[in-house]
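Chemist: One structure coming up, written as structure tokens, with questions to follow.
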């Protein structure tokens with residue numbers, strides 16, 4: 001089974017730690033490892049490094065190779081230009097279809113946290129075994145919801161179709177993206193909704209057939225690139241063709257058009273968290289009674305429900321503070337209320353093209 005970890009994007013919601021030159025997935029957010037390194041580590045020992053691939057931006061290829069030195073160099077695929085998730089997933093699918101069209105593959109993301117790693121690996125193995133029996137399918141791996149999230153995508157599933165090694169495969173029904181508060185609460189209590197993680201298992205041949213069916217122009221370009229894989233022509237064709245592909249999200253290109261009968265859902269508690277934003281990181285890591293989450297040289301006094309991340313040698317001190325986020329880097333200090341964190345992305349966008357552009 002092959003695993004593809006996607007490590008593209010800039011991650012403005014984790015600014016000022018995450019920047020254009022070094023996005024969030026490469027920074028040490030949890031302990032002394034990046035989330036990319038954590039994503040690769042949690043696949044071990046079930047996946048050999050020969051079966052792991054990383055998709056990223058061309059500018060970040062050397063960063064990936066430095067952080068994952070055991071990964072074969074040609075398993076780091078750099079996009080010459082960001083064309084959204086549709087072409088990105090398609091490129092990796094087309095490449096794997098060249099050498100292992102029937103070998104199950106799993107699509108993963110580099111900015112997540114999974115605490116129950118053994119269960120996670122078991123789910124991938126069992127889903128891969130299911131693919132070998134029924135290769136014309138997509139198996140979505142979802143997280144049983146912990147609360148009624150309005151900020152995550154949801155997946156609706158139906159009756160149990162089959163169970164293997166205590167892992168249940170359910171019929172797929174539909175996707176919902178960021179519901180309102182009342183709808184999210186209904187999903188949470190329904191018993192037939194889970195958080196959609198963007199993780200799925202399928203075969204390259206089947207997924208590529210869906211590209212051919214639903215986005216033929218993208219398929220044609222990807223096929224031309226993939227045909228040159230591991231030849232001297234590959235790099236030139238990638239830079240020539242990839243930037244011309246339609247900029248389309250994978251959901252719009254494929255998933256929204258997928259026949260529900262060709263999909264299954266596994267909903268388990270793998271203790272997953274999306275840590276692509278400061279508030280999500282805090283929710284994932286807050287386990288103390290005071291609900292504080294810290295990193296670096298920090299001293300808190302009479303402080304509750306705060307996130308304080310310090311990436312300098314200075315000491316950051318808080319006194320009588322509640323519900324405040326502080327992120328201290330060598331050139332930017334961010335201080336905001338907990339409920340103002342969603343405004344960070346727009347702030348960073350407003351800095352583009354100004355005297356502060358170099359800080360984005």
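Chemist: Quick check on this structure: which one of 316, 308 is under 19 Å from residue 275 (Cβ atoms) and touching a strand residue (DSSP E or B) at 6+ places or on another chain (Cβ under 9 Å)? Before you say what the answer is, go through the steps one by one.
Modeler: Numbers: 316 fails: under 19 Å from residue 275 (Cβ atoms).
After ruling out the rest, the residue left standing is 308.
Chemist: Mind checking which strands (runs of 3 or more DSSP E) fall wholly inside the range 221-299 and carry at least 3 residues that are more than 30 Å from residue 310 (Cα to Cα), touching a strand residue (DSSP E or B) at 6+ places or on another chain (Cβ under 7 Å) and not assigned by TED's automatic domain parsing to the domain that holds residue 176?
Modeler: Numbers: elements: 263-268, 272-274, 293-295.
Counting at least 3 such residues, we get no strands (runs of 3 or more DSSP E) at all.
Chemist: Pairs needed: first member in the range 69-92, touching a residue at least 60 places away in the same chain (Cβ under 8 Å); second member anywhere, crowded, with 20+ Cβ neighbours inside 10 Å and part of a strand (DSSP E or B); C-beta distance under 6 Å; at least 6 residues apart or different chains.
Modeler: 79/57; 88/55; 92/4; 92/55
Chemist: A further question on this structure: Scan the range 230-242 and give yes if some residue there is at pLDDT 95 or above and closer than 30 Å to residue 142 by Cβ, otherwise no.
Modeler: no
Chemist: Are there any strands (runs of 3 or more DSSP E) wholly within the range 7-109 with 2 or more residues that are surrounded by fewer than 16 Cβ atoms within 10 Å (Cβ to Cβ), outside the structural domain of residue 133 (by TED's automatic domain parsing) and modelled with pLDDT under 95, and if so which?
Modeler: Working: elements: 28-30, 52-57, 76-79, 105-109.
Answer list for the range 7-109: none.
Chemist: Now for a separate question. Considering only the range 123-166, how many residues are assigned to a strand (DSSP E or B) and either closer than 19 Å to residue 109 by Cα or within 23 Å of the chain's Cα centre (by Cα) (or both)? Full working, then the answer.
Modeler: Narrowing the range 123-166 to residues assigned to a strand (DSSP E or B): 138-143, 153-164.
Right, trim to either closer than 19 Å to residue 109 by Cα or within 23 Å of the chain's Cα centre (by Cα) (or both) and you get 138-143, 153-157.
Result for the range 123-166: 11.
Chemist: On to the next question. Being surrounded by 13 or more Cβ atoms within 10 Å (Cβ to Cβ), at pLDDT 95 or above, at negative phi and within 24 Å of the chain's Cα centre (by Cα), is that true of even one residue in the range 281-292?
Modeler: Within the range 281-292, none of the residues are surrounded by 13 or more Cβ atoms within 10 Å (Cβ to Cβ), at pLDDT 95 or above, at negative phi and within 24 Å of the chain's Cα centre (by Cα).
Chemist: Among the residues that make up the range 184-202, is at least one of them in contact with a helix residue (DSSP H, G or I) (Cβ under 7 Å, 6 or more places away or on another chain) and either in a loop (DSSP other than H, G, I, E, B) or within 13 Å of residue 87 (Cα to Cα) (or both)? Even if it seems obvious, please write down each step before you answer.
Modeler: To start, the set of residues in the range 184-202 that are in contact with a helix residue (DSSP H, G or I) (Cβ under 7 Å, 6 or more places away or on another chain) comprises 193, 201-202.
Now restrict to residues that are either in a loop (DSSP other than H, G, I, E, B) or within 13 Å of residue 87 (Cα to Cα) (or both): none.
No, the range 184-202 contains no residue that is in contact with a helix residue (DSSP H, G or I) (Cβ under 7 Å, 6 or more places away or on another chain) and either in a loop (DSSP other than H, G, I, E, B) or within 13 Å of residue 87 (Cα to Cα) (or both).
Chemist: Would you confirm whether or not the range 315-325 contains a residue that is touching a helix residue (DSSP H, G or I) at 6+ places or on another chain (Cβ under 8 Å), surrounded by 16 or more Cβ atoms within 10 Å (Cβ to Cβ) and either under 20 Å from residue 281 (Cα atoms) or not assigned by TED's automatic domain parsing to the domain that holds residue 20 (or both)?
Modeler: So the first thing to find is which residues in the range 315-325 are touching a helix residue (DSSP H, G or I) at 6+ places or on another chain (Cβ under 8 Å), and the list is 323-325.
Among the residues that remain, those that are also surrounded by 16 or more Cβ atoms within 10 Å (Cβ to Cβ) are: 324-325.
Next cut, either under 20 Å from residue 281 (Cα atoms) or not assigned by TED's automatic domain parsing to the domain that holds residue 20 (or both) only: 324-325.
Yes, the conditions are met somewhere in the range 315-325.
Chemist: Under 7 Å between Cβ atoms, which residue pairs at least 6 apart in sequence (or on different chains) link something in the range 319-336 that is at positive phi with a partner that is surrounded by fewer than 18 Cβ atoms within 10 Å (Cβ to Cβ)?
Modeler: Correct list of pairs: 320/302; 323/305; 323/337; 323/338.
Per-residue answers, yes or no, for (1) farther than 20 Å from residue 258 by Cβ; (2) surrounded by 15 or more Cβ atoms within 10 Å (Cβ to Cβ); (3) at pLDDT below 95:
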position: 165; (1), (2), (3): yes, no, no
position: 168; (1), (2), (3): yes, yes, no
position: 181; (1), (2), (3): yes, no, yes
position: 200; (1), (2), (3): no, yes, no
position: 208; (1), (2), (3): no, yes, no
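Chemist: Can I ask one more? Which of the residues that make up the range 149-163 are crowded, with 16+ Cβ neighbours inside 10 Å and at pLDDT below 95? If you could, list the steps in order and put the result at the bottom.
Modeler: First, pick out the residues of the range 149-163 that are crowded, with 16+ Cβ neighbours inside 10 Å: 149, 152-157.
Scanning the range 149-163 gives 149, 152, 153.
Chemist: Considering each residue of the range 110-122, count those that are in a loop (DSSP other than H, G, I, E, B) and either in contact with a strand residue (DSSP E or B) (Cβ under 6 Å, 6 or more places away or on another chain) or crowded, with 18+ Cβ neighbours inside 10 Å (or both), and give that number.
Modeler: Restricting attention to the range 110-122, the residues satisfying the condition of being in a loop (DSSP other than H, G, I, E, B) are 110-111, 115-116.
Going one step further and asking which of them are either in contact with a strand residue (DSSP E or B) (Cβ under 6 Å, 6 or more places away or on another chain) or crowded, with 18+ Cβ neighbours inside 10 Å (or both), we end up with 110-111.
Final tally of qualifying residues: 2.
Chemist: Please state which one of 198, 158, 153 is touching a strand residue (DSSP E or B) at 6+ places or on another chain (Cβ under 8 Å) and touching a residue at least 60 places away in the same chain (Cβ under 8 Å). Working first, answer last.
Modeler: Working: 158 fails: touching a residue at least 60 places away in the same chain (Cβ under 8 Å); 153 fails: touching a residue at least 60 places away in the same chain (Cβ under 8 Å).
Unique residue meeting the criteria: 198.
The values are calculated or read from the model by the stated rules, or taken from the named source; none is laboratory data. No experiment lies behind these values; they were computed from the predicted model shown. Please note: Cβ atoms are built from the backbone with ideal geometry, for glycine as well, and neighbour counts cover all protein chains shown.
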